[in-house]
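A short worksheet on the structure shown next.
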């Protein structure tokens, strides 16, 4: 059995095997590293921009296909809006409500974690009176 960093010997037993995909200039590990691409923040931002553009195109199509006017009543206010816009407003309101509740829960958990950390620090290192 060959070590993966050692070149393959040319023996009679190895003559019927397929040639190695690794070039003569590097080992298998080096070839694998060359194949891998590092992910960067800029690449992530570029991907997010592309996905956001696709979502915006889909939203535009949604708004244009749902252009019929509907009557809207909310907290005493009355008016008419295109159906697509009204549905997007309701989805945005639901998202904001979800974000508000999630933020409140995260703040609650962080406060609890700080209290527990402080309590455990007090148990570990009690103050010494001189």
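None of the figures in this text is laboratory data; all of them are computed from the coordinates on show. Fair warning: this is a prediction, and the values are worked out from it, not measured in the lab.
Write down the Å³ per residue value for the convex hull defined by the alpha carbon atoms of the range 41-124.
119
If you take the Cα atoms of the range 35-79, find Rg, then find the Kirkwood Rh from the mean of 1/r over all pairs, what is Rg/Rh?
Radius of gyration over Kirkwood radius for the range 35-79 works out to 1.36.
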